[in-house]
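Read through the structure below, which is laid out as structure tokens, and then see the notes.
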Amino acid sequence: MVTEKLFYQDQYLGRFTANVMKADYDGSKQFYVVLDQTAFYPTGGGQPHDTGTLNDIEVYNVEEIDGELRHFLREPIPSGSECVGEINWERRMDHMQQHAGQHILTAAFEEELGYKTLSFHLGEELCSIDLATEFLTNDDAIEVEKIANLMIIENHPIETRWVTSEEIGHYKLRKELSVTDNIRLVIIPDFDYNGCGGTHPSSTGQVGSIQVLHWEKQKKHIRLYFVCGRRVRKQLHVKHQIIRSLTSKLSAPQEELVPAVNRLLEEMNEMERANTELRTKLLEYEINELMENLEEIRGYSILKNTYHNRSMTELQQLAKNIIAQSVGTIVLFINETADKLQVVCARGNELPISMNQLLKQALPIVNGKGGGNDLIAQGGGEKLMPSVDFMNHIHEVVVESLMNDIENS
């Protein structure tokens, strides 16, 4: 079922009339129509689909599937009816600017540095290209960006041309074609010749501008992020508002922001180091107090305590410090939160029982789960009983295990 693609005849066409040749639901129960002609561009060639309306009903997706150009709508339209389509022009123009900008930037990278483009992604906020290089300098990126924007300022025409496979040899293409028939070229004369099925403005000047944002290493290539046209202004506005906010908060002009942030980070690092030292001292004091309440059982020591909303990481460190100092001690800590009972258990390396096995015996009573090793284990479960009762249960499991060991030794 062939649909006439009006977007290839006039990429600026924003309103059109058409007849519904087919109305149906796909496998996901999404309603779609196929028209005899359309200005809606479907997803493809690295460019997202258009959106808009048909008879004031939202068109939220357009795809070419099984030879049909399907328009997915929020509400059904009967087959055979006539409809009026309207394109979301802001989205279409944005996509044309980004796509044409990518062609220009890709050509500039190849002409200036010999770096080919491996792939292109047109995102909602940012665009990216993957460059066939493992290294890119800031100076090189600035120079390429300058060349790309010069092409925009000079306002070169952007032409499209349908050619046959026999005619392709007359053009210096930047990459191999993915099709052998219905070949469509997008051409910036004497600069870029590319097989492409997307929509583009009629001249480079309509791209507005190109701004390289940043790049990152991706395996054996560089992924470079950029924006074009209206997105450049949006990025500038957002970043300017952020800078204004930072200059106010840090009481520093824009040119002094980096040194001001560096000073602030250094102060934070110093405070963190001081806090770490204080926490270490507090843990030492806490250990000394806890060790005064050891319970002795047949030559073994048990240290137990309950907490409310204590950090599990802190309790694990506390338990590790205790068994490092007292190799014949078993540590039992219960932490109670609003809806959980958590446990940390540890033992010195002179004791024979396994903390991991102990936990597996104790946690079912609270529908809990946990894990660890012979020396230290941790876990938690539902708050099905008071923390004191849960501690008594774990204590009984420990005592029983110790008694069994004494009897078997």
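The C-alpha atoms of the chain define a longest principal axis, and helix 312-325 lies at about 40 degrees to it.
Hand me the chymotrypsin sites (Phe, Trp or Tyr not before Pro) from the range 101-198 located in a DSSP loop with no more than 12 other Cβ atoms within 10 Å, in residue order please. Loop-located and lightly packed - 135. By the helix-only formula, in which each DSSP H run with n ≥ 4 contributes -39500 (n - 2.57) and the sum is divided by residues, the chain has a 222 nm mean residue ellipticity of -12000 deg cm²/dmol.
Overall form of the range 318-357: oblate. Here a/c, set by the Cα gyration tensor axes a ≥ b ≥ c, is 1.5 or more, and a/b is not larger than b/c. Rounded to the nearest 20 debye, the dipole magnitude of the range 252-293 is 60 debye, with +1 charges on Lys and Arg beta carbons, -1 on Asp and Glu beta carbons, and the Cα centre as origin.
What is the chain by shape, rounded, prolate or oblate, if you read a ≥ b ≥ c off the alpha carbon gyration tensor as root eigenvalues and call it rounded for a/c under 1.5, prolate for a/b larger than b/c, and oblate otherwise?
Here the chain falls in the prolate category.
Note on residue 311 and residue 121: with the Förster distance fixed at 60 Å, the Cβ-Cβ geometry gives a FRET efficiency of about 0.90.
Ordering 271, 253, 156 by Cα displacement along the dipole of the chain toward the positive end leaves 253 in first place; charges were set at the Cβ atoms of Lys, Arg (+1) and Asp, Glu (-1). GNM remark for the chain: springs join alpha carbons under 10 Å apart, and the peak mean-square fluctuation among 261, 144, 227 falls on 261. Extension gain for residue 261 to residue 179 (0.36 nm times residue separation, less C-alpha to C-alpha distance): 24.3 nm.
In the chain the longest region clear of GluC sites (Glu not before Pro) that are loop-assigned by DSSP and have at most 10 other C-beta atoms within 10 Å covers 177-409. Relative to its Kirkwood radius, the Cα radius of gyration of the range 93-237 gives an Rg/Rh of 0.95. Using Cβ point charges alone (K and R +1, D and E -1), the dipole size of the chain about the Cα centre works out to roughly 300 debye. Here the contact order of the chain, divided by its residue count and restricted to Cα pairs under 8 Å and six or more residues apart, works out to 9 percent.
The residue among 62, 326, 227 whose Cα reaches farthest toward the positive pole of the charge dipole of the chain, with charges on the beta-carbon of Lys, Arg, Asp and Glu, is 227. With the Cα gyration tensor of the range 201-343 giving a ≥ b ≥ c as the square roots of its eigenvalues, does the rule (a/c under 1.5 for rounded; else a/b larger than b/c for prolate; else oblate) give rounded, prolate or oblate? Because a/c hits 1.5 or more and a/b exceeds b/c, the range 201-343 counts as prolate.
Highest mean packing first, where packing is the average number of other Cβ atoms within 10 Å per residue, the peptides 94-105, 241-252 line up as 94-105, 241-252.
None of the figures in this text is laboratory data; all of them are computed from the coordinates on show. All figures in this text were calculated on a predicted structure; none of them were measured in a lab. Here Cβ is always computed from backbone atoms with ideal geometry, including for glycine, and neighbour counts include all displayed protein chains.
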